[in-house]
Amino acid sequence: MAVDTDILPPRYRGPQPIGRGGMGEIYRATDTVLGRAVAIKVLAEPYAQDESIRARFTREALAAARLSGQPNTVMIYDVGEHEGRPYIVMEYLSGGSLDDVLREDGAQPAERVFAWLGQAAAALDAAHKHGVVHRDVKPGNLMLDRDGHVHVGDFGIASAAGMDSLTLTGTVLGTAGYLSPEQAQGDRATPASDRYALAVVAYELLTGGRPFQAESPTAEAAAHLHADVPSVCDGSSLPRELDPVFRTALAKDPARRFGGCAEFVAALRAAMDDAAGSTRAFPRVWEPPTVRPRRRRGAWPVLAGLLLLGIVAGALAAYLLTRGGDQHAAPPPRATTVTQHVTTTPAAPPATGASGHELNDQGYAKMQAGDYAGALPLVQQAVQKLSGVGPSDPYEGYANYNLGYTLLQLGRCNEAIAYLQRAAALEPKRSEPKHALKRAEKC
C-alpha cells in the first residue's frame with residue numbers, strides 16, 4: 001500500500017517503504033518520467049539536521065555514482081535533495097538479499113555460493129580500482145535481481161580515496177559480524193578489509209553460520225581480533241581443502257590476505273576441485289569420466305550387447321523380407337536409427353540467468369551422459385560468459401576444453417582447435433587439452 005508522503009519529488013510516485021538503512025529509509029516508487037520502478041533512499045529526519053551526517057550521506061551518493069555501470073553494482077540514477085532531506089535514486093532489485101536467503105534457507109550449495117561470490121567479487125574489485133572501499137560488506141548489502149544475480153549495494157559508509165573523510169581513525173563503522181580486525185581496532189578500512197568481509201560472507205553461505213559468531217557484538221568483534229579461524233568441516237560435509245583458503249582470506253594481518261576478491265573466489269573453486277579428486281563431492285570439468293570406464297569393462301557386457309543388437313537386426317530384416325520387396329522399404333535399420341537420433345534430439349535450453357560456471361557444469365553433466373549435442377549450446381554460452389576471467393578463475397580453461405572436446409566428439413574438428421588451444425594456454429600444466437588438441441589436428 002502506497003505511503004501518503006511528500007518527502008519525494010513529484011517525479012517519483014506511489015512510494016512504498018521497503019526497508020531501513022543505517023542512515024535512512026528506503027522506498028520503492030515509480031519514476032513517472034522513465035516509467036520504471038526505482039528504490040529511493042532518503043536520509044532520516046533526525047540526521048538531516050546534522051551537517052556532518054548530511055555531508056557523509058552526500059559522499060555516499062557520490063562514491064556510489066562513480067561505480068554506476070560497473071559489473072554487479074547497484075546503479076545510481078539520481079541524487080538530490082527535497083524538502084531539506086537528501087535522497088538517492090537507485091536501481092530496484094526484486095530478488096531480496098543474501099541475508100533473506102540465509103534466514104529462510106540457511107547454508108547454500110557450493111556452486112551457487114561460488115557464483116554469487118564471483119559476482120560480488122567483480123563489483124568489489126571494480127570499486128577498489130576506482131578508489132572506493134565499501135566498509136560494510138555483508139549479506140544484507142548483496143542484493144539479488146530477478147534472475148538470481150548478485151549486485152553490491154548500499155555503499156552507506158563507503159570511503160573514497162582522495163576525498164575528505166568523515167570517518168576518522170578511531171571510529172568504528174561496520175557490522176560486527178563482518179568487521180575486519182583492523183576495523184575492530186578502529187583503524188582505517190582498506191580494500192583488504194572488504195576482502196576479509198567477503199570471506200566471512202562466503203563462510204556463512206557455505207556453513208550457515210559466521211566463523212566468529214558470538215552472543216554479543218563486542219565478543220564477536222574481539223574474536224575477529226584474537227580467535228583462530230574455525231574449520232569449515234565443523235558441523236558440515238565441506239572438505240578440509242577449503243580451510244587453508246579461509247585461513248588466508250581471514251588472516252589478522254591484511255598483508256597476508258588474497259590480493260583481490262576474484263583471487264579468493266578462484267582459490268575456493270580450486271580447493272573444492274582438488275577435493276573432488278578423492279571425494280567426488282564436486283564434479284570434475286576436464287576429460288569426461290565416461291570415456292575411461294569403458295576401457296575397464298570386461299568382455300561379457302560388450303558381447304551381450306552385440307548379441308542383443310544382432311537379435312533385433314535379424315528380426316527387423318525378417319520383417320522387411322516378408323513385405324514382398326517393397327521398393328520404398330527403409331534403408332538399413334542401423335543407419336536410420338543413428339540419423340534420427342542425432343537430428344531429432346533437441347538440445348536442452350540453458351536455465352535463464354545461469355552463470356558461466358553453472359552453464360559449464362550443466363554442459364559437463366550432459367557430456368558425462370554422452371549427450372554431446374545437448375552439451376554444445378550450454379558450453380558455448382559458458383565460454384562466452386567466462387571470457388576473460390582466466391587464468392585466475394580456472395573455469396575459463398575448463399569451459400574452453402569442454403567446448404573443444406564436445407566439438408571433437410561431434411566430428412567438428414576444425415572448430416574444436418581454437419578452443420582447445422585456448423584451454424591449453426590457460427591451463428598449461430594440464431595434459432587433457434594437449435591430448436585432445438592433437439586428436440583434433442589429425443582428424
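The values are calculated or read from the model by the stated rules, or taken from the named source; none is laboratory data. Every value quoted in this text rests on a predicted model; they were computed, and no experiment measured them. Glycine gets a Cβ as well: all are built from the backbone with ideal geometry, and neighbour counts include every protein chain shown.
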Q: Test A251 against the stated conditions and say whether it is surrounded by 14 or more Cβ atoms within 10 Å (Cβ to Cβ) and hydrophobic (A, V, I, L, M, F, W, C).
A: yes
Q. Looking at (1) in a helix (DSSP H, G or I); (2) within 21 Å of A270 (Cα to Cα); (3) acidic (D, E), which is the one condition that is false for E415?
A. (2)
Q) Which condition number in (1) buried (at least 20 other Cβ atoms within 10 Å of the Cβ); (2) without any contact (Cβ under 8 Å) to a residue 40 or more places away in the chain is the one that E104 fails? A) (1)
**Q.** Matching residues, region 1-29, being at pLDDT 85 or above and either in the same structural domain as F155 (by TED's automatic domain parsing) or over 30 Å from the mean Cα position of the chain (by Cα) (or both)
**A.** L8, P9, P10, R11, Y12, R13, G14, P15, Q16
Q: Read through the list (1) touching a Leu at 6+ places or on another chain (Cβ under 7 Å); (2) more than 18 Å from D136 (Cα to Cα), then give the number of the only condition that S97 fails.
A: (2)
Q.
I'd like to verify a number: residues in region 108-137 that are of a type in the set (K, R) and touching a strand residue (DSSP E or B) at 6+ places or on another chain (Cβ under 9 Å), how many?
A. 1
Q: Sort through T218, T167, T171 and tell me the only one that's part of a helix (DSSP H, G or I) and modelled with pLDDT under 90.
A: T218
Q) Which numbered condition trips up V201, out of (1) assigned to a loop (DSSP other than H, G, I, E, B); (2) touching a residue at least 12 places away in the same chain (Cβ under 8 Å)? A) (1)
(Q) Name the residue that is nearest to T30 (Cα to Cα), counting only residues in region 57-81 that are among the acidic types (D, E) and assigned to a strand (DSSP E or B). (A) D78
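Matching residues to (1) in contact with a helix residue (DSSP H, G or I) (Cβ under 7 Å, 6 or more places away or on another chain); (2) under 30 Å from W116 (Cα atoms); (3) touching a residue at least 40 places away in the same chain (Cβ under 8 Å):
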{"site": "I7", "(1), (2), (3)": "no, no, yes"}
{"site": "A29", "(1), (2), (3)": "no, yes, no"}
{"site": "V42", "(1), (2), (3)": "no, yes, yes"}
{"site": "A48", "(1), (2), (3)": "yes, no, no"}
{"site": "S52", "(1), (2), (3)": "no, no, yes"}
{"site": "R59", "(1), (2), (3)": "no, yes, yes"}
{"site": "M75", "(1), (2), (3)": "no, yes, no"}
{"site": "E83", "(1), (2), (3)": "no, no, yes"}
Q: Among residues belonging to region 79-101 that are modelled with pLDDT under 90 and of a type in the set (D, E, K, R), point out the one that is surrounded by the fewest Cβ atoms within 10 Å (Cβ to Cβ).
A: E83
Q: Search region 408-429 for residues that are over 15 Å from Y398 (Cβ atoms) and pair each with any residue that is among the charged types (D, E, K, R) and part of a helix (DSSP H, G or I) when their beta-carbon atoms are under 8 Å apart and the residues are at least 6 apart or on different chains.
A: L408/R439; C413/R439; C413/E441; I417/E441
Q: Go through region 225-267 and give me each residue that's in contact (Cβ under 8 Å) with a residue 60 or more places away in the chain, assigned to a loop (DSSP other than H, G, I, E, B) and farther than 19 Å from F212 by Cα.
A: F258, G260
Q) How many residues does region 180-199 hold that are closer than 12 Å to K138 by Cβ and at pLDDT below 90? A) 0
Q: Kindly check whether there is at least one residue in region 56-70 that is on the phi > 0 side of the Ramachandran plot, outside the structural domain of L124 (by TED's automatic domain parsing) and either buried (at least 20 other Cβ atoms within 10 Å of the Cβ) or at pLDDT below 90 (or both).
A: yes
